[in-house]
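The values are calculated or read from the model by the stated rules, or taken from the named source; none is laboratory data. All values reported here derive from a predicted model rather than from experimental measurement. Glycine gets a Cβ as well: all are built from the backbone with ideal geometry, and neighbour counts include every protein chain shown. Surface accessibility is based on the protein's heavy atoms, side chains included, excluding ligands, DNA and RNA. Shrake-Rupley method; radii C 1.70, N 1.55, O 1.52, S 1.80 Å.
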Amino acid sequence: QVQLVESGGGLVQPGGALRLSCAASGSIFSVDATGWYRRAPGKERELVAGIGSGGSTNYTDSVKGRFTISRDNAKNTVYLQMNSLKPEDTAVYYCNAEVLTTGLYRLAIWGQGTQVTVSS
């Protein structure tokens, strides 16, 4: 069994920065494609950024140039560096990952969510 643990959320002023972490634990052989989603009040969940096992990345238009997704394969951890934060970035951020277990089963799992609040 595997799980994702998220950290790094908090309160930040507009223009500030936060770094979210998503660490996979359990009987994991590898973490393949993974991404960060967010759900803002009154809005649908959206994909913020994704990164493939080969390092390819994609971002939603609203965060391009401000957010950077990266991964540390040795630590089974994915990061989301968020710079130049805006109030509209306020949301609960969720990590999603496709993992290959040591039993060679491929699973899609979600983190518990971490709150990001951008406000003066």
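Cross-link reach is defined here as a Cα-Cα straight distance under 26 Å, omitting same-chain residues fewer than 8 places apart; for LYS86 the lysines meeting it are LYS43, LYS64.
The phi-based Karplus calculation (6.51 cos²θ - 1.76 cosθ + 1.60; θ = phi - 60°) puts the 3J(HN,Hα) values of region 28-34 at 10, 8, 7, 9, 8, 5, 8 Hz, whole numbers, x for Gly and Pro. Taking amide H atoms as placed 1.01 Å from N in the peptide plane, the amide H of ILE28 lies under 5 Å from those of THR102, each 5 or more residues away in sequence or on another chain. Whole-Hz Karplus values for region 46-51 come out as 9, 6, 8, 7, x, 9 Hz, taken residue by residue from phi with 6.51 cos²θ - 1.76 cosθ + 1.60 and θ = phi - 60°; glycine and proline positions read x.
Note on the chain: antiparallel DSSP beta bridges, both residues inside, total approximately 95 percent of the bridges counted. The phi-based Karplus calculation (6.51 cos²θ - 1.76 cosθ + 1.60; θ = phi - 60°) puts the 3J(HN,Hα) values of region 100-116 at 10, 6, 5, x, 6, 9, 9, 10, 10, 10, 10, x, 7, x, 9, 7, 10 Hz, whole numbers, x for Gly and Pro. For a paramagnetic label modelled at 7 Å from the Cα of THR117 toward its Cβ, which residues of region 5-24 fall within the zone defined by backbone nitrogen distances under 11 Å? Backbone N within reach: 10-12.
Estimated at the nearest 10 Å², the accessible area of SER25 is 50 Å² with a 1.4 Å probe.
Under a point-charge model restricted to the Cβ atoms of Lys and Arg (+1) and Asp and Glu (-1), what is the dipole moment magnitude of region 4-45 relative to its Cα centre, in debye to the nearest 20?
I would put it at about 200 debye.
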